[in-house]
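Peer 1: Okay, handing you the structure first.
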Amino acid sequence: METIDHFDLRSFDLNLLVAFDALMEDRSVTKAAARLRIQQPAMSHNLSVLRMLLEDELFVRVGHTMQPTAKALALAGHIRQLLGQAQALIRTSDRFVPQEAQRTFRVGLVCGEMLMPLLSADLLSYGGGLQVIAQRISAEGFAADLDRQRVDLVVGCFAPEEGRFRTVHLLDHEMVCCYQPQRMPWRGSLDRTHFLQASHIAIAQTHDLHAQMCNALLHEGQALQLTAAVPDCMTALMTAAHAPVVATVPRSVAQMFASQFGLVTDPLPLDLGPLSVSMVWSAHTDSDPALAWLRQRIVALMGMPRQRALAHQGEAALVD
């Protein structure tokens, strides 16, 4: 990128370029002054300053018009392009047109595997100028990632502190159990007895959920048999496809991916509340129109798994 000499430009009033372009357009000091809604003496002063700074007459009176010199003609195209770019920048700074934009978004994921397939397909529908880079981050480190602008926003199962960040609730996960039935000692659906006898996978993204399950069982004198700990739901599903273990994951994740690993899905046989998923971003990005648009799309997209789940429940009720 070319270096800008700010000190050198400081002495040049960029409004003079607007005056130059108006003179090129009207070839008259009087008409150019009227176009800019200033007095004729002010326009004459602008022309005098331009002549001094650019060391050229620029416009010479020929009859009733001001004809540009060779240097003025050489500069005219560049100045018009520069002013056009400045005007476009000013006019588009408060709006975002996804079909015309070239932008890369950076999304931090603490949990939310279902987001990326939906978001990727959604962004592609706007013409291919939008990209998204997803980064796996921890619930403990998301604040630093936002503060240092490593990510534009974070989707996760946590409740951030008020003030520093903006937060919007996306959905509540209903948790279900996924497993490979051929690898399990029981036949039929997973019940509470089978659940307590089975080996389980702990998922770092849903650490709070596993803590709730362990605490609930502890009150009953029971314990959850944890065989492995993995970083995310997809790894848990892949593990369950190859080992006799139960992976407890959000229903929306199970609906999208469980069948691809040959897993069956049963309700979680414990009375636990849902797992809440939120989107978090830094307050200083509120005014960025592109990020505001992205946040709106994520809110809409994250409602889709819930809509599909409700439709699935409705179909099941009709069958019953």
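Peer 1: Here's a check for you: in the stretch 130-151, which residue that is part of a loop (DSSP other than H, G, I, E, B) and within 14 Å of the chain's Cα centre (by Cα) is surrounded by the fewest Cβ atoms within 10 Å (Cβ to Cβ)?
Peer 2: Q149
Peer 1: So which pairs qualify, if the first residue must be in the stretch 8-21 and closer than 20 Å to P68 by Cβ, the second must be β-branched (V, I, T) and modelled with pLDDT of 85 or more, the Cβ gap must be under 6 Å, and the two must be at least 6 apart or on different chains?
Peer 2: Within 6 Å, the pairs are L17/I79; F20/I79; D21/I79.
Peer 1: Return yes when R187 is over 15 Å from A240 (Cβ atoms), more than 39 Å from the chain's Cα centre (by Cα) and in contact (Cβ under 8 Å) with a residue 24 or more places away in the chain and no when it is not. Steps first, please.
Peer 2: On the way: over 15 Å from A240 (Cβ atoms): yes; more than 39 Å from the chain's Cα centre (by Cα): yes; in contact (Cβ under 8 Å) with a residue 24 or more places away in the chain: no.
It is false that R187 is over 15 Å from A240 (Cβ atoms), more than 39 Å from the chain's Cα centre (by Cα) and in contact (Cβ under 8 Å) with a residue 24 or more places away in the chain.
Peer 1: If C111 satisfies every condition in (1) surrounded by 14 or more Cβ atoms within 10 Å (Cβ to Cβ); (2) assigned to a helix (DSSP H, G or I); (3) in contact (Cβ under 8 Å) with a residue 60 or more places away in the chain but one, which is the exception?
Peer 2: (2)
Peer 1: Listed residues A300, A317; which is modelled with pLDDT of 85 or more, loosely packed, with under 14 Cβ neighbours inside 10 Å and out of contact with any strand residue (DSSP E or B) (no Cβ under 8 Å at 6 or more places or on another chain)?
Peer 2: When all the criteria are applied, what remains is A300.
Peer 1: Are there any strands (runs of 3 or more DSSP E) wholly within the stretch 187-276 with 2 or more residues that are modelled with pLDDT of 90 or more, surrounded by 19 or more Cβ atoms within 10 Å (Cβ to Cβ) and outside the structural domain of R136 (by TED's automatic domain parsing), and if so which?
Peer 2: In the stretch 187-276, 245-250 are the strands (runs of 3 or more DSSP E) which contain 2 or more residues that are modelled with pLDDT of 90 or more, surrounded by 19 or more Cβ atoms within 10 Å (Cβ to Cβ) and outside the structural domain of R136 (by TED's automatic domain parsing).
Peer 1: Is there any pair with a first residue in the stretch 53-66 that is within 22 Å of L14 (Cβ to Cβ) and part of a strand (DSSP E or B) and a second that is basic (K, R) and at pLDDT 90 or above whose Cβ atoms are under 8 Å apart and which are 6 or more apart or on different chains, and what are they?
Peer 2: F59/R27; M66/R27
The values are calculated or read from the model by the stated rules, or taken from the named source; none is laboratory data. Quick caveat: nothing in here was measured; it's all calculated off a predicted structure. Note that we place each Cβ from the backbone using ideal geometry, even for glycine, and neighbour counts take in every protein chain shown.
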